[in-house]
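Rule-based calculations on the coordinates, nothing more; no lab input. In this text the structure is predicted, and so the values were computed from the model without any measurement. Counting neighbours? That spans all protein chains shown, and the Cβs are built from the backbone with ideal geometry, glycine included.
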Amino acid sequence: MEWKSEYSVGIALIDRQHQEILNYINQLTASLNARDRWTVTHHLLTQIEDFMRTHFAVEEALLEIVGYPAEEAHVASHGKMKAHMAELERRSIKEDITEELIAYLCQWFIQHVLHDDMDYGRYVSKHFRQVGGLREP
Ligand SMILES: [Fe+2]
Ligand SMILES: [Fe+2]
């Protein structure tokens, strides 16, 4: 999957992290033909899990700061993703889950990033416009 400008949620730091997620998906796709595919997948999977934890922590802190009304549901969605990734990691020890992982991450990117994250992006932009507006003389 390639990054497109319409994927932007309007916050540069978050966009860079979302680009990094696409980068991981592409690395996984590239590993499909690798001879040591299992090792590559397992290594990338642990890296992705670490990265997602950081990314979710940043998003959740941001939602807390702006008082996002749907924060609880958003955090719950992150929790579901983390649990699914942990499950995939557990299974990846015994089976090759590379294709399943790629499909899951692509689907997650479309459903979560391009919908749920987009929703808070609009709210956050509006919030900061208003806060900025209040500061204006
Ligand atoms: Fe996100
Ligand atoms: Fe999110």
| task | Have a look at Glu49, Glu72, Glu6, Glu64 and point out the one that is touching an Asp or Glu at 6+ places or on another chain (Cβ under 7 Å), surrounded by fewer than 17 Cβ atoms within 10 Å (Cβ to Cβ) and without any contact (Cβ under 8 Å) to a residue 12 or more places away in the chain. | result | Glu64
| field | Gln111 vs. criteria under 17 Å from the mean Cα position of the chain (by Cα) and exposed (fewer than 14 other Cβ atoms within 10 Å of the Cβ) | value | yes
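Considering only the range 59-81, I want to know if a residue exists there that is away from ligand 2 (no atom under 16 Å from the Cβ), closer than 23 Å to Met1 by Cβ and not acidic (Asp, Glu).
Here is the first cut: in the range 59-81, the ones away from ligand 2 (no atom under 16 Å from the Cβ) are 67.
If we keep only those that are closer than 23 Å to Met1 by Cβ too, we end up with none.
No, because not a single residue in the range 59-81 is away from ligand 2 (no atom under 16 Å from the Cβ), closer than 23 Å to Met1 by Cβ and not acidic (Asp, Glu).
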| said: Restricting to the range 82-118, give me the number of residues that are more than 16 Å from ligand 2 (Cβ to nearest atom) and among the β-branched types (Val, Ile, Thr). | reply: 4
| Candidates Glu20, Glu49 - the one that is out of contact with any Gly (no Cβ under 9 Å at 6 or more places or on another chain), under 29 Å from Val131 (Cβ atoms) and acidic (Asp, Glu) | Glu20
| query | How about the range 72-114: which of its residues are out of contact with any helix residue (DSSP H, G or I) (no Cβ under 8 Å at 6 or more places or on another chain) and either within 19 Å of Thr39 (Cβ to Cβ) or within 11 Å of ligand 1 (Cβ to nearest atom) (or both)? | reply | Arg90, Arg91, Lys94, Glu95, Glu99
